[in-house]
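A.B. asks: Structure in structure tokens, see below.
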Amino acid sequence: MRLSVRMRKALAMASRVCWPVFFSLVVLGLVFDFPFWAVVGPGLLIVALDLLRTYGAAVERRAAPSPDPIEVEAPFAGRWLAHNSPADKVPSHGTHVYGQTYAIDVIAEPEGSPERPPFSPLWPPARKPSAYPSFGVPLYAVADATVVHASDGQRDHLSRTSWPMLVYLMTLEGFLRMLGGHATVFGNRVVLDLGDGTHAAYAHLKRGSLRVRAGDRVTAGQQIAACGNSGNSSEPHLHFQLTDGPDLEIARGLPFRWRGLETPAAGEHVTHPARTAEPAPTSSTPDSA
């Protein structure tokens, strides 16, 4: 079963519409005497739609030959720690949705910088993004490319690095972001057209840090933004992926490798030796909750 682009788009939109309907019916069901099926029906429909999207993506991946990794430059400089990585598992984030099949999350840990704040079970429940060495670190174009999307108006929220905040992220906040689709999940983001149908997406960027806009031409190694903590993010980090199209709602993920570097597994460090990171640009934008 191969889903057409139109069908994948329709399934994504139908799922997003059904969620608020289901939530509204649950709330109204506490007041009015709705039939059981009237509340459960939309919920079952959501499950069916998501299963169809997941099944279709899995069938397509099994039917198609595994593509060779596409070599690009690293999107960062200095020393970084991998979190979710395709070197450990595929799909790396547990889902093919939004083209995340081969996506990687990396956290800056520059040599000589203060230690990154550890996970705290209860206190402090959250920290400002500026407490993390990743926040504001420059990010670079991985190839000569054209910018097809660039947005950085979403806030950099507090960290979600305690059990109370992590539960909040995985439940209420995650649910609300899912209703907004990839725009609220990825937060501030840049999508580059690398040519030949290949696109690079950078997510969770710092608000106000973009140095490019849609339509701009960039060269490999050019600074385009800075690492932030926008969108569905527990702490400042870069989410990077390659896809077969610019629309992250329906794009399929593509494997990649960084030129001259081994793709790190989760918990491993990787250092880009070819350039020195520029100082992070200053911003008057305050940290926010």
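A.B. asks: Restricting attention to the range 103-132, which residues are at pLDDT 90 or above and touching a Ser or Thr at 6+ places or on another chain (Cβ under 6 Å)?
C.D. replies: Ala103, Ile104, Ile107, Ala108, Arg127 - these are the residues of the range 103-132 that are at pLDDT 90 or above and touching a Ser or Thr at 6+ places or on another chain (Cβ under 6 Å).
A.B. asks: Go through (1) buried (at least 19 other Cβ atoms within 10 Å of the Cβ); (2) out of contact with any Gly (no Cβ under 7 Å at 6 or more places or on another chain); (3) over 20 Å from Leu194 (Cα atoms); (4) of a type in the set (Gly, Ala, Ser) and name the single condition Ser120 misses.
C.D. replies: (1)
A.B. asks: For residues that are within 15 Å of Gly78 (Cα to Cα) and either out of contact with any strand residue (DSSP E or B) (no Cβ under 6 Å at 6 or more places or on another chain) or in a strand (DSSP E or B) (or both), scanning just the range 245-262, find the one that is least open to solvent (accessible area, probe 1.4 Å).
C.D. replies: The first filter runs over the range 245-262 and keeps only residues within 15 Å of Gly78 (Cα to Cα), leaving 258-262.
From the residues that got through so far, the ones that are either out of contact with any strand residue (DSSP E or B) (no Cβ under 6 Å at 6 or more places or on another chain) or in a strand (DSSP E or B) (or both) too are 258, 260, 262.
On the way: Trp258: 3, Gly260: 79, Glu262: 155 Å².
Among them, the one singled out is Trp258.
A.B. asks: Go through the range 233-244 and count every residue that is outside any strand (DSSP E or B) and open to solvent by 10 Å² or more (accessible area, probe 1.4 Å). I'd like the intermediate steps shown before the answer.
C.D. replies: At the first step, the residues of the range 233-244 found to be outside any strand (DSSP E or B) are 233-236, 244.
Remaining after also requiring open to solvent by 10 Å² or more (accessible area, probe 1.4 Å): 234-235, 244.
Here the count works out to 3.
A.B. asks: Could I ask something else about it? Here is a check on your reading of the model: is Ala126 open to solvent by less than 40 Å² (accessible area, probe 1.4 Å), touching a residue at least 24 places away in the same chain (Cβ under 8 Å) and over 21 Å from Thr263 (Cβ atoms)? Can you show your working first?
C.D. replies: On the way: open to solvent by less than 40 Å² (accessible area, probe 1.4 Å): yes; touching a residue at least 24 places away in the same chain (Cβ under 8 Å): yes; over 21 Å from Thr263 (Cβ atoms): yes.
It is true that Ala126 is open to solvent by less than 40 Å² (accessible area, probe 1.4 Å), touching a residue at least 24 places away in the same chain (Cβ under 8 Å) and over 21 Å from Thr263 (Cβ atoms).
A.B. asks: Here's a follow-up. Tell me yes or no: at least one residue of the range 155-162 is under 17 Å from Val97 (Cα atoms) and modelled with pLDDT of 95 or more. Reasoning before the result, please.
C.D. replies: The first filter runs over the range 155-162 and keeps only residues under 17 Å from Val97 (Cα atoms), leaving none.
Looking for residues that are under 17 Å from Val97 (Cα atoms) and modelled with pLDDT of 95 or more, one finds none in the range 155-162, hence no.
A.B. asks: What is the number of the single condition among (1) closer than 27 Å to Thr171 by Cα; (2) surrounded by fewer than 20 Cβ atoms within 10 Å (Cβ to Cβ) that Gly221 does not meet?
C.D. replies: (1)
Quick grid of which residues meet (1) of a type outside the set (A, V, I, L, M, F, W, C); (2) open to solvent by 20 Å² or more (accessible area, probe 1.4 Å); (3) over 22 Å from Ala82 (Cβ atoms):
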position	(1), (2), (3)
Trp163	no, yes, yes
Tyr168	yes, yes, yes
Leu172	no, yes, yes
Gly181	yes, no, yes
Val185	no, yes, no
Asp196	yes, yes, yes
Gly231	yes, no, no
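Here's the yes/no breakdown for (1) open to solvent by 60 Å² or more (accessible area, probe 1.4 Å); (2) at pLDDT 85 or above; (3) in contact with a Pro (Cβ under 9 Å, 6 or more places away or on another chain):
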residue: Leu45; (1), (2), (3): yes, no, no
residue: Leu49; (1), (2), (3): no, no, no
residue: Tyr55; (1), (2), (3): yes, no, no
residue: Gly78; (1), (2), (3): no, yes, yes
residue: Leu81; (1), (2), (3): no, yes, yes
residue: Ser85; (1), (2), (3): no, yes, yes
residue: Gly99; (1), (2), (3): no, yes, no
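A.B. asks: Does Arg211 fit the bill of being at pLDDT 95 or above, within 23 Å of Pro117 (Cβ to Cβ) and open to solvent by 40 Å² or more (accessible area, probe 1.4 Å)?
C.D. replies: Details: at pLDDT 95 or above: yes; within 23 Å of Pro117 (Cβ to Cβ): no; open to solvent by 40 Å² or more (accessible area, probe 1.4 Å): yes.
No: the conditions fail for Arg211.
The values are calculated or read from the model by the stated rules, or taken from the named source; none is laboratory data. Quantities reported herein were computed from a predicted structural model and do not represent experimental measurements. Because the Cβ atoms are built from the backbone with ideal geometry, glycine has one as well, and the counts that use them run over all protein chains shown. Protein only, heavy atoms only, side chains kept; ligands, DNA and RNA dropped before computing areas. Shrake-Rupley method; radii C 1.70, N 1.55, O 1.52, S 1.80 Å.
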